[in-house]
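See below for the structure under consideration.
Since every read-out is calculated from the coordinates, none of them should be taken as a lab result. Every value quoted in this text rests on a predicted model; they were computed, and no experiment measured them. Here the Cβ is made from the backbone with ideal geometry for all residues, glycine too, and neighbour counts use every protein chain on show.
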Amino acid sequence: GEEYGYLHMVAVDSDYRGKGLSYLVVNEAIKFMKNEGRKKVILKTDDFRKAAIKVYTNLGFKIKDK
């Protein structure tokens, strides 16, 4: 709906992983969606994507049970 922003697939080239780029990209995407008037930002990921989950939780996303 109009109230929600949806973050879909963030990827960083393997040569640049571990440098905080995902955090920066996701943070800017969140800011953009909030500036567009979105009340919440949601995303889905696989539970084995530990590095991605760490980025998302560091940015304030909550893990929701299936």
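Here are some notes:
- Within segment 1-27, tally of residues that are surrounded by 10 or more Cβ atoms within 10 Å (Cβ to Cβ) and assigned to a helix (DSSP H, G or I): 8
- Leading residue by the ranking (surrounded by the most Cβ atoms within 10 Å (Cβ to Cβ)) among those in segment 37-66 that are within 12 Å of residue 6 (Cα to Cα) and over 10 Å from the mean Cα position of the chain (by Cα): 38
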